[in-house]
Amino acid sequence: MNKIIAIFALLTFSFTISAQTSIKVGLNRANLDVSAKDVYDVNAKSSYLVGLHYLFNLQEVIGLETGLMYQRFSTDFKSTENTVKFNREYIAVPILIKFNPGSVFSLGGGLQASYLIKDNFSENFINRSFDLSAQAQANINIFKKIGLEIGYNLGFLPSIEFVDKRIGNIDFERGDAKNKYFYGAVTYGF
């Protein structure tokens, strides 16, 4: 029992935990990773994101970031005569390990769980309400509290399941699609 208490005390005193709250506002360029790639002409579109994030610095160079993010994604499926636009809105919770080698630059990576709150195609296709993706990001602080962040997310799970259906003059075939997107954001820490 004494060994357990000693280990717990050592771990407790070896971490200096501090927290920083930040607001993140930016744009994303969303696309879908479609299983039937040769059938569709898929075009990424820009949309927006906004979130509130918390960075818990466990040591000087390592931290854990989480938060709550609202994201909207838009993607077009095109044929020669018709365009079908897919819009999806998610609430997301990232859990990232952050590496802060200096006060100006940081790198992060981890997972992001997202819940679909709205789309414009649920009557035509089967959508999945839960999405899990890998996220990588880099952040540079321009001023003491203002930073620029770029990142990439790649979905693990299909977010849309297509069924054999014709919309306009686009014949959708059975298959699925996963979210993938680049984003850029301005962060403000307070």
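The values are calculated or read from the model by the stated rules, or taken from the named source; none is laboratory data. Everything quoted here is computed from the prediction, not taken from an experiment. Note that we place each Cβ from the backbone using ideal geometry, even for glycine, and neighbour counts take in every protein chain shown. For accessibility, only protein heavy atoms count, side chains too; no ligands or nucleic acids. Shrake-Rupley method; radii C 1.70, N 1.55, O 1.52, S 1.80 Å.
Scanning the range 117-138 for residues that are at pLDDT 95 or above and either part of a loop (DSSP other than H, G, I, E, B) or not aliphatic (A, V, I, L, M) (or both) returns SER133, GLN135, GLN137.
Among what's in the range 166-175 and is open to solvent by less than 50 Å² (accessible area, probe 1.4 Å) and under 27 Å from the mean Cα position of the chain (by Cα), pick the residue that is farthest from GLN135 (Cα to Cα).
Per the stated criteria, the residue is PHE172.
Looking only at residues that are touching a residue at least 40 places away in the same chain (Cβ under 8 Å) and among the hydrophobic types (A, V, I, L, M, F, W, C) in the range 62-88, which one is farthest from GLN112 (Cα to Cα)? Of everything passing the filter in the range 62-88, VAL84 is farthest from GLN112 (Cα to Cα).
Residues in the range 40-49: is at least one among the aromatic types (Phe, Trp, Tyr) and part of a loop (DSSP other than H, G, I, E, B)? Scanning the range 40-49 turns up at least one residue that is among the aromatic types (Phe, Trp, Tyr) and part of a loop (DSSP other than H, G, I, E, B). All conditions but one from (1) in a strand (DSSP E or B); (2) open to solvent by 20 Å² or more (accessible area, probe 1.4 Å) apply to GLY102; the one that does not is (1). Looking for something under 15 Å from the mean Cα position of the chain (by Cα), over 21 Å from SER46 (Cβ atoms) and among the hydroxyl-bearing types (Ser, Thr, Tyr) - is there at least one such residue anywhere in the range 113-128? Yes, the range 113-128 contains at least one residue that is under 15 Å from the mean Cα position of the chain (by Cα), over 21 Å from SER46 (Cβ atoms) and among the hydroxyl-bearing types (Ser, Thr, Tyr). Taking each residue of the range 163-174 that is within 14 Å of VAL34 (Cα to Cα) and looking for partners that are basic (Lys, Arg) and in a strand (DSSP E or B) with beta-carbon atoms closer than 6 Å, six or more apart or interchain, yields PHE172/LYS165. Only residues that are open to solvent by 70 Å² or more (accessible area, probe 1.4 Å) and in a loop (DSSP other than H, G, I, E, B) were counted across the range 142-163, and they come to 5.
Inclusion of ILE91 among residues that are aliphatic (A, V, I, L, M), in a strand (DSSP E or B) and over 20 Å from ALA185 (Cα atoms) is not warranted. Filtering ILE91, ILE140, ILE160 for residues that are touching a residue at least 12 places away in the same chain (Cβ under 8 Å) and farther than 17 Å from HIS53 by Cα leaves a single hit, ILE160.
Could you please find all residues in the range 76-103 being modelled with pLDDT of 90 or more and not aromatic (Phe, Trp, Tyr)?
At the first step, the residues of the range 76-103 found to be modelled with pLDDT of 90 or more are 87-99.
Hits for the range 76-103 are ASN87, ARG88, GLU89, ILE91, ALA92, VAL93, PRO94, ILE95, LEU96, ILE97, LYS98.
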